[in-house]
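A short write-up of the structure that comes next.
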Amino acid sequence: MTLRILVVGAGIAGLSAARALRLAGYRPDVVEELPASMLPSAGIYLPGNASRALRQLGLDAPLRPLGDLIFRQVFLDARGRSLFEMDVAGLWAGVGESRALSRADLQQVLLTGVGGEVRYDTAVKELEIFDGAAKVEFSDGSVAEYDLVIGADGRRSTIRAKAGLGGAAVPTGQIVYRSVVSGGPPLSDWTALLGRRSSFTAMPMGGRRLYCYADETAPDTPNPADPRAHLRTIFGSFGGPVPAILAALENVSVARTDEVVLDSWHRGPVLLVGDAAHATAPTLSQGAAMSFEDAVVLGAELKRSGGDVPAALQAYEARRRPRCGAVRDRTRERDRTRDVPPALRDPMLRRRGLRIFADHYRPLVPPA
């Protein structure tokens, strides 16, 4: 059956969905509100289940030369003393490699997977659902009808609002800081230092660069005017590799994290995927992985249903909800653990941290 499909959003979730749809025999339209020149900055960490889903999408080969493989996660206290270590390669054995790389490089791989066919500078102005189809008016004035509209436009999704599937994302109270550092200290492991309601993580991402991710729980604090100076204030007393990284910091991006929790991810022929449907704080590095898995399952269910969109969307949501809900619950648990006062948290993590943190990932070892 030939379906008219629109994917709204050409980020990780949208391009992954478009790739899965192409593999299932469909040729979706893909639109993106931003211009093509807006490449993502900073880096990204992909755990083993993300690599497995990319393999299922046929995108593992172009990914192999990119970034650095991560074999171990090292957790330290704020002074740089050991808390525990996790054998990442062992945890994801038989599933996939864990890798840190440039977001721009990942974006290029995903674009290649859909043949680069994206209409940039094109927003959805109006969306009308009728008789099992959707009428879409675009910002350039054009109008088209679709059998399936996929909202992959992130945690601030406009498709979510236009389809009546939910309101704004809910802030978690965290502020996150991301940067790519050249000329920093040599680092071979994913390394996190846990402070008081704050953490600083760095990892090698290829090309002698480090991807750095820091966060703090500060619900009532405005975003800092000078993020680099603020990081030096918040993490200036940290030990380990942090002082050398802070000295090498240049550009720092700032964002507040939020959650999206919805009663339903689809209405009629409109489906939300990725962060538009189930965003969480990035604590477990599962945002991209969940988007890749969403794409794999969506393609499989559309193919299994023979193009029966209502049946496919019902089956898709039934499969994905428990897994994405588990990620949200474990993300909240990890954040609560991080925010326990260090005098109580650090001795507990030295005793049981490996078991607690590894258990956050074990439900994701089986396929989606």
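No lab work stands behind these numbers, since they all come straight from the coordinates. Values in this document were obtained by computation on a predicted structure and should not be read as measured data. Note that each Cβ is placed from the backbone with ideal geometry, even for glycine, and that neighbours are counted across all protein chains shown.
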| Hey, how many Å between the Cα centroid of the stretch 306-368 and the Cα centroid of the stretch 169-217? | 20
| Between the stretch 134-158 and the stretch 3-24, what is the C-alpha centre distance in whole Å? | 13
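With a cut-off of 8 Å between alpha carbons and a minimum separation of six or more residues, what is the relative contact order of the chain in percent? Working shown, then result.
Values: 778 pairs, mean separation 83.6, N = 368.
Value for the chain: 23 percent.
Can you pull out the GluC sites (Glu not before Pro) in the stretch 54-141 whose DSSP state is coil and whose Cβ has at most 13 other Cβ atoms within 10 Å? Please report the intermediate quantities before stating the final value.
Numbers: sites: Glu85, Glu97, Glu117, Glu126, Glu128, Glu137; in loops: Glu97, Glu117.
When the GluC sites (Glu not before Pro) of the stretch 54-141 are filtered for loop state and at most 13 Cβ neighbours within 10 Å, Glu117 remain.
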| field | Helical contribution to [θ] at 222 nm, DSSP H n ≥ 4, -39,500 (n - 2.57), averaged over the chain, rounded to 500 | value | -11000 deg cm²/dmol
| task | Any lysines with Cα under 17 Å of the Lys125 Cα? List them, leaving off those in the same chain fewer than 8 positions away. | result | Lys135, Lys162
| query | Using the per-residue mean of other Cβ atoms lying within 10 Å as a proxy for protection, in what order, highest first, do the peptides 214-226, 287-299 fall? | reply | 287-299, 214-226
| How big is the charge dipole of the chain about its Cα centre, in debye rounded to the nearest 20, if each Lys and Arg gets +1 on its Cβ and each Asp and Glu gets -1 on its Cβ? | 1260
| remark: If unit charges are put on Cβ atoms (+1 for Lys and Arg, -1 for Asp and Glu) and the dipole of the stretch 299-368 is taken about its Cα centre, the option from Leu354, Ala368, Val309 lying farthest towards the positive end turns out to be Leu354
| task | For the stretch 97-255, report the convex hull volume of the alpha-carbon atoms normalised per residue, in Å³, without decimals. | result | 171
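Exactly which trypsin sites (Lys or Arg not before Pro) in the stretch 177-218 are in a DSSP loop and have at most 12 other Cβ atoms within 10 Å?
When the trypsin sites (Lys or Arg not before Pro) of the stretch 177-218 are filtered for loop state and at most 12 Cβ neighbours within 10 Å, Arg208 remain.
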| When the chain is treated as a GNM, springs tying every alpha-carbon pair under 10 Å, which of Ala20, Ala78, Ala311 comes out with the largest mean-square fluctuation? | Ala311
| message | Among DSSP bridges having both ends in the chain, what percentage is antiparallel? Round to the nearest 5. | response | 75
| Under DSSP H, which helices of the chain have Cα atoms covering 24 Å or more of the helix axis and a Kyte-Doolittle average no less than 0.0? | 287-304
| note | In Å³ per residue, the alpha-carbon convex hull of the stretch 58-107 encloses 91
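Just add up the charged neighbours of Ala312: K/R +1, D/E -1, any other residue whose Cβ is under 9 Å from the Cβ of Ala312.
Numbers: positive: Lys303, Arg304; negative: Glu301, Asp308.
That sum, taken over residues with Cβ under 9 Å, equals 0.
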